[in-house]
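Working notes for the structure below.
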Amino acid sequence: MRTARLALDPAFTVGPVPRRLFGSFVEHMGRCVYTGIFEPDHPSADEDGLRTDVLELTKEIGPTVVRYPGGNFVSGFEWEDSVGPREDRPRRIDRAWRSVETNQFGLAEFDAWARKVGTETMMAVNLGTRGLQEACDLLEYTNLDSGTKFSDLRKAHGSKDPFDIKLWCLGNELDGPWQTGHKTAVEYGRLAAETGMAMRSIDPSIELVAVGSSSRSMPTFGEWESTVLDLAYHAVDYVSCHAYYEEKEGDVGNFLASAVDMDLFIEQVVATADAVRAKGKHSKKINLSFDEWNVWYQSKPHHAEGVQPWDVAPRVIEDEYSITDAVVVGTLLNSLLRHSDRVTIGAQAQLVNVIGLLRSEPGGDAWKQTIAHPFEQVRRLASGNVLQVVAQSDKYESSNFGGVDVVDASATWDEETLTLFLANRDLTEPASVDVALRGFGVDRVSSAKVLAATEGQDRHTTNATGDHQQVGLRPLEDVSVTDGTATVVLPPLSWAVVQLRKG
Ligand code: AHR
């Protein structure tokens, strides 16, 4: 049995749970849009061609904000192609994923989808092949009421009311040599500043995200953030972070420690942003938008067998997620919560099919992947304030990070319910976690659920086959509260959520 001790106190908080932390991402990539959220010929399709099976699952998961329309896709996207009568919209090549974009799903369709889901839109503009003018034209189209060229065009296209989008990404991953229109930090910093200021002059209420590093291992990491913020600090509100993790052959220990990398990534970007703040004598703080994160088996081929260049909606990075992946996703959510005083926006990538929380088959069924469960639980149950967690855990040795805590934790408190999100990284041993509860007055377990392998399963089990519900949450029995200490016994390799209440 492995052990850990946690101490919590309602007076020691990180800050209020930022609701935008639980976002996702819909990119025009692979089958995320076409045969993902949109499939007019599907038996479940509604009047807008939206798959209602996927829509219902999306509502259950409940992403609070959804980034759109890319990703690498956005760096070659001409938004004018995606508006107006569908029969007039052009088929265009998407260089990023070497497929054909039909534009049958565009801005108005996404706005209608987002309203049905009940989520906020986070719109990205193309700063790869395009620039300031086109970004301003798009903002005029989406946010101005009427009486100007693009606001009147929107009305003529049948959208009477503005889409009123508050959150905007100034491009995507422009630090990456793979990005169409890849830039140096100086080139991008100037462009972000000029575009941001011009966009604000159209709608001062918008919030702007500057492109940060595509991963902590980028050769320009740190220098990129520092230079971009030197040039654009006054014009933006957030800087982005992107991170994908995968299990490399024979190294599950490092994979299970992915949240340690995410912790470091966040802390290093915060330090850099705050250094620029001091140097530039700025009063505002720049917060972080972790707007692409997930497990992604990047070392495997991206395209499925048989996919040809310039296919429409090809199968691209349709990773099937296991129990191990779900535990890692649970720990990544813990990392975001632990840093939620500065990471105030998050977007898991992506929503459907493409490294998706959900999977759907053309003409067939739709289901939740294993990783959807921790995402949905944290989105539903994290409430009130995030607590500082003082943790002392048994450790294991990892090659990249040295000693790593076996038990990973985060917690929230809303004056009635204390919610613990816990993971046991040990593959074979259960972990007993004692939680010293100071000043909460909670004395009973109101709910306790766990995701772990059950009989006949192992850590590689996915939801790809059968009824697509093999891996989910089940009751966690071994939880008690006695004399101000909660004790939770976590099965080997598991993720759990435990709620404690008064009386
Ligand atoms: O989410 C998949 C891809 O990952 C996105 O298009 C890109 O921004 C990132 O590299």
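Averaging the sequence gap over all C-alpha pairs within less than 8 Å and six or more residues apart, then dividing by the number of residues, gives the chain a relative contact order of 20 percent. Remark: spin-label model distance ARG86-VAL100 equals 1.7 nm, labels positioned 7 Å along the Cα→Cβ axis. When a 1.4 Å probe is rolled over the protein heavy atoms, the share of accessible surface on the chain that falls to carbon and sulfur comes to 49 percent.
Is the stretch 51-114 rounded, prolate or oblate when judged by the Cα gyration tensor, a ≥ b ≥ c being the square roots of its eigenvalues, rounded requiring a/c under 1.5 and prolate requiring a/b larger than b/c? Here the stretch 51-114 falls in the prolate category. For a label point 7 Å from the Cα of GLN133 along Cα→C-beta, name the residues of the stretch 179-199 whose backbone N is under 18 Å from it. Within reach of a label on GLN133: 191-192, 194-199. Pairs of lysines in the stretch 45-195 whose Cα atoms sit within less than 22 Å of one another amount to 8, provided the residues are eight or more positions apart or on different chains. Amide H contacts of SER398 (H built 1.01 Å from N, in plane; Pro and chain starts excluded): GLY403, VAL404 sit under 5 Å, all sequence-distant by 5 or more or on other chains.
Extension gain ARG5-ASP311, at 0.36 nm per residue separation less the Cα-Cα distance, in nm?
Stretched out fully, the ARG5 to ASP311 stretch lengthens by 104.8 nm.
Average accessible surface for the stretch 18-381: 34 Å² per residue, computed with a 1.4 Å probe over protein heavy atoms with every protein chain in place.
Helix 323-338 and the longest principal axis of the C-alpha atoms of the chain enclose an angle of approximately 80°.
What do you get for Rg/Rh over the chain if you use C-alpha atoms and the Kirkwood form of Rh?
On the way: Rg = 22.6 Å, Rh = 23.3 Å.
My calculation puts Rg/Rh at 0.97.
The slack between GLU194 and SER447, meaning 0.36 nm per residue of separation minus the straight C-alpha distance, is 86.0 nm.
Solvent-accessible surface (1.4 Å probe) assigned to CYS241 amounts to roughly 0 Å². As a rough guide to protection, the peptides 270-277, 154-161 ranked by mean Cβ packing within 10 Å, highest first, stand as 270-277, 154-161.
Which angle from 0 to 90°, rounded to the nearest 10, does the C-alpha axis of helix 52-61 make with the longest principal axis of the chain? Helix 52-61 and the main axis of the chain meet at about 50 degrees. Between ASP152 and PHE12, residue separation times 0.36 nm minus the direct Cα-Cα distance comes to 45.3 nm.
The values are calculated or read from the model by the stated rules, or taken from the named source; none is laboratory data. None of these values were measured; they are calculated from a predicted model. Counting neighbours? That spans all protein chains shown, and the Cβs are built from the backbone with ideal geometry, glycine included. Just the protein is used for accessible areas: all its heavy atoms, side chains included, with ligands, DNA and RNA removed. Shrake-Rupley method; radii C 1.70, N 1.55, O 1.52, S 1.80 Å.
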